[in-house]
Amino acid sequence: MKFTYHEIFNTLQGEGRNTGRPCIFIRFSGCNLKCPWCDTDFSPKATASLDELLEKLSTFQEKSVIFTGGEPLLQPHLLTLAKALKSSGYWLGIETNGTIEPSTELRETLDFIATSPKFGVPLRLTSANEVRLVTADEITLEWCQTIRSQLPAEDYYLSPCDTGHGLQVHRAIQLLGMLNVNSPTPPWRLSLQTHKLAGIP
């Protein structure tokens with residue numbers, strides 16, 4: 001049993017509801033999408049057995065782990081890793097693009113599911129704790145509303161797209177205004193990539 005990953009690092013979660021939470025990120029390699037604006041390197045850099053991975057994670061102080069990528073649900077043995085970590089007392093989160101529905105057993109093992117669906121890509125995920133939509137140029141008001149109607153979640157966020165020339169915050173705020181108009185309890189909120197603003201991984 002081998003896991004292929006790009007990097008493992010500890011930092012603060014920079015986005016969504018868990019912003020500021022000290023976490024260990026396992027960035028798995030591989031993705032089933034090719035988003036033109038993607039700023040993440042998820043190329044394969046290392047492989048490790050389950051025991052090797054658990055030993056590496058034990059060197060960190062943090063007891064929260066986030067599976068990210070790429071697309072972590074492409075990892076064939078993710079459930080085995082998740083169950084091993086959960087039995088050791090870890091809080092477990094995952095960041096997924098929403099194209100794969102995790103097994104019932106994996107859902108029951110995870111503590112938090114964050115998803116960032118992509119425009120024009122079939123959505124397979126049936127529910128999540130939070131939805132974060134990246135406000136790329138193709139994102140429309142109607143599509144945001146469609147995602148909210150199709151994907152039950154506790155929190156919905158718009159994340160400004162990083163074009164390489166800065167974050168498109170103005171566009172995200174404009175969309176937020178349209179989505180939240182006439183709502184006494186605004187259903188959508190802004191999620192900035194605060195780790196980038198702070199200059200941390």
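The values are calculated or read from the model by the stated rules, or taken from the named source; none is laboratory data. Note that the structure is predicted; figures quoted are calculated from it, not measured. No Cβ is skipped: glycine too gets one built from the backbone with ideal geometry, and neighbour counts run over all protein chains shown. For the accessible areas, the whole protein counts, side chains as well, though only heavy atoms, and no ligand, DNA or RNA atoms are used. Shrake-Rupley method; radii C 1.70, N 1.55, O 1.52, S 1.80 Å.
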ask   = Given +1 on the Cβ of Lys and Arg, -1 on the Cβ of Asp and Glu, and no further charges, what dipole in debye does segment 82-134 carry about its Cα centre, rounded to the nearest 20?
value = 100 debye
query = Lone cysteines in the chain, going by a 4.7 Å Cβ-Cβ cut-off?
reply = 23, 31, 144, 161
ask   = Relative to the longest principal Cα axis of the chain, at what angle does helix 78-87 sit, 0 to 90 degrees, rounded to 10?
value = 80 degrees
request  = May I ask you to give the percent of accessible area on segment 131-182 that is carbon plus sulfur, with a probe radius of 1.4 Å?
outcome  = 50 percent
task = Kindly report, to the nearest 10 Å², the accessible surface of residue 90 as traced by a 1.4 Å probe over protein heavy atoms only.
result = 20 Å²
inquiry  = Give me the 1.4 Å probe accessible area per residue for the chain, excluding ligands and nucleic acids, in Å².
reply    = 49 Å²
ask   = Using the per-residue mean of other Cβ atoms lying within 10 Å as a proxy for protection, in what order, highest first, do the peptides 9-15, 69-75, 139-145 fall?
value = 69-75, 9-15, 139-145
note = Contact order relative to length for segment 49-201, counting C-alpha pairs under 8 Å separated by 6 or more residues, stands in percent at 15 percent
query = Magnitude of the Cβ-charge dipole of the chain, K/R +1 and D/E -1, about the Cα centre, nearest 20 debye?
reply = 80 debye
key: Nearest-0.05 FRET efficiency for residue 143 and residue 180, computed from C-beta distance (R0 22 Å)   = 0.85
key: For residue 13, distant residues with modelled amide H under 5 Å away   = 20, 21, 23
ask   = Using the alpha-carbon centroid of each, what span in Å lies between segment 1-59 and segment 66-132?
value = 12 Å
request  = Would you mind calculating the relative contact order of segment 118-201 from Cα pairs under 8 angstrom and at least 6 residues apart, reporting the percent as a whole number?
outcome  = 28 percent
For segment 53-131, convex hull volume per residue from C-alpha positions, Å³ = 92 Å³
inquiry  = Just to confirm the number: angle between the C-alpha axis of helix 141-150 and the first principal axis of the chain, 0 to 90 degrees, nearest 10?
reply    = 50 degrees
request  = For segment 29-44, take each phi angle, set θ = phi - 60°, evaluate the Karplus expression 6.51 cos²θ - 1.76 cosθ + 1.60, and give the result in whole Hz per residue in order, putting x for glycine and proline.
outcome  = 8, x, 8, 9, 10, 9, 6, x, 9, 4, 10, 10, 8, 10, 5, x
ask   = Probe 1.4 Å, all protein chains in place: accessible area of residue 57 in Å², nearest 10?
value = 0 Å²
